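Computed from the coordinates by the stated procedures, all read-outs in this text should not be read as laboratory data. Computed from a predicted structure; not experimentally measured. Don't worry about glycine lacking a Cβ; one is built from the backbone with ideal geometry, like all the others, and counts go over all protein chains shown.
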Amino acid sequence: MQRREFVAGAATAALLAASPAWAAEIKQFQLGVITDEVTQDFEKALLWAKGYGLQWVELRFVWNKYVTDFNADDVKSAKDLLAKHGLKVSVVDSPYLKTLLPGTKSKFDTGKSDPLQSEYSQQQAILERAIARAKDFGTDKVRIFSFLRVDDPKTVFTRVATELEKTAAIAHREGIRLVLENEFSCNVATGAESAAMLKIVKSPSLGLNWDPGNAYDAGETPYPDGYAGLDKARIFHMHLKDGAPGPKGQVEWAPIGSGKIDFVGQFRALIKDGYKGTMSLETHYLNAAKDKEASSRESMDGLLKVIKQA
């Protein structure tokens with residue numbers, strides 16, 4: 001495990017040394033990884049990130065626990081490991097508003113309960129815990145959603161916007177920035193829907209977690225189409241994963257650069273537009289051996305090649 005990480009780190013360091021411009025671009029993008037895409041073992045995930053010369057990690061599930069459910073001991077243990085390995089937290093992920101808007105039914109309702117989804121009545125407590133965890137880990141960014149997707153999201157856009165406006169006001173008072181993820185299972189799934197929502201909710205405390213993979217999963221061409229309409233100044237963070245059509249009509253996740261998303265074009269646009277926000281590899285792809293660490297390594301290697309081509 002550690003030997004493989006050392007090799008990956010050494011190879012990356014050699015590539016960066018050979019291309020100062022590339023190294024500057026990686027630093028500009030503040031590239032990181034969502035740790036549970038590598039492993040639930042937090043220290044191993046941090047070592048993996050260090051092997052690639054990364055300075056950032058995003059926290060979602062750690063030690064098989066959602067970060068918003070951390071107790072004081074969990075927080076201390078995680079902070080100690082972050083300090084030990086010299087890594088910073090870009091975003092605290094929360095499941096806030098990944099729930100049904102009262103009086104609606106999810107377009108993707110399978111009739112089975114999802115343990116990761118909570119009741120509407122629990123959302124305020126989730127937000128409070130997420131804000132507290134963000135402060136614990138020294139970040140001002142909390143990831144949120146836009147309620148589970150209904151058949152026609154336009155019919156609930158005003159209600160969703162009202163909820164987001166109220167949440168943004170709370171975040172503003174707390175010195176927190178909310179990053180709204182365009183999530184295919186939620187009412188804001190595409191670049192077009194993201195742009196429309198941010199035009200309604202103008203608070204500077206609400207921005208976007210732009211996820212081209214999720215936009216692709218929702219049927220949009222993320223670059224150039226989805227990206228074109230976005231207010232670039234309100235993209236606070238990004239998730240990076242690639243995909244292609246699968247045999248059953250569903251998206252199959254792939255290492256970045258081997259799918260159908262134009263990530264070279266996307267990164268060229270980010271450079272042109274002067275993007276300064278953070279971003280995280282969100283692998284999703286799983287290789288034939290079902291090895292998450294190796295799968296993430298394939299995807300990160302592909303991502304670094306994309307950045308070099310950009």
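For the residue pairs LYS50/LYS84; LYS65/LYS166; LYS232/LYS276; LYS232/LYS272; LYS65/LYS241; LYS88/LYS135, the alpha carbons lie more than 18 Å apart in LYS65/LYS166; LYS65/LYS241. Between LYS202 and ASP231, the simple label model (points 7 Å from Cα in the Cβ direction) yields a spacing of 0.8 nm. Taking the chain as the reference, fit the longest principal axis to its C-alpha atoms, fit the long axis of helix 42-51 to the helix C-alpha atoms, and give the angle between the two in degrees, 0 to 90, nearest 10. With both axes taken from Cα atoms, the answer is about 50 degrees. Based on Cα contacts under 8 Å between residues 6+ apart, region 172-270 shows a relative contact order of 24 percent.
Each label point was placed 7 Å from the Cα along the Cα-to-Cβ direction; for ARG159 and ASN71 their separation is 3.7 nm. Relative to the longest principal axis of the C-alpha atoms of the chain, give the angle of the C-alpha long axis of helix 2-18, reported between 0 and 90° and rounded to the nearest 10°. Its long axis makes an angle of about 80 degrees. Going through (1) 30, 51, 19, 1; (2) 38, 60, 2; (3) 34, 61, 5, the figure that equals P(r) over Cα pairs in 20 Å bins from 0, in percent as computed for the structure here is (3). Its relative contact order, with pairs defined as Cα atoms under 8 Å and 6+ residues apart, puts region 143-205 at 45 percent. If r is the Cβ-Cβ distance from ASP109 to LYS290 and R0 is 35 Å, what FRET efficiency results, to the nearest 0.05? Once the sixth-power term is evaluated, E becomes 0.80. Database remark: amide H of VAL89 closer than 5 angstrom to the amide H of VAL57 (H placed geometrically; neighbours at sequence offset of 5 or more, or on other chains; Pro and chain starts carry no H). Helix 72-85 and the long axis of the chain differ in direction by around 30°, with both axes built from C-alpha atoms. Per-residue ellipticity at 222 nm, computed for the chain from helices alone with -39500 (n - 2.57) per DSSP H run of at least four residues, works out to -13000 deg cm²/dmol.
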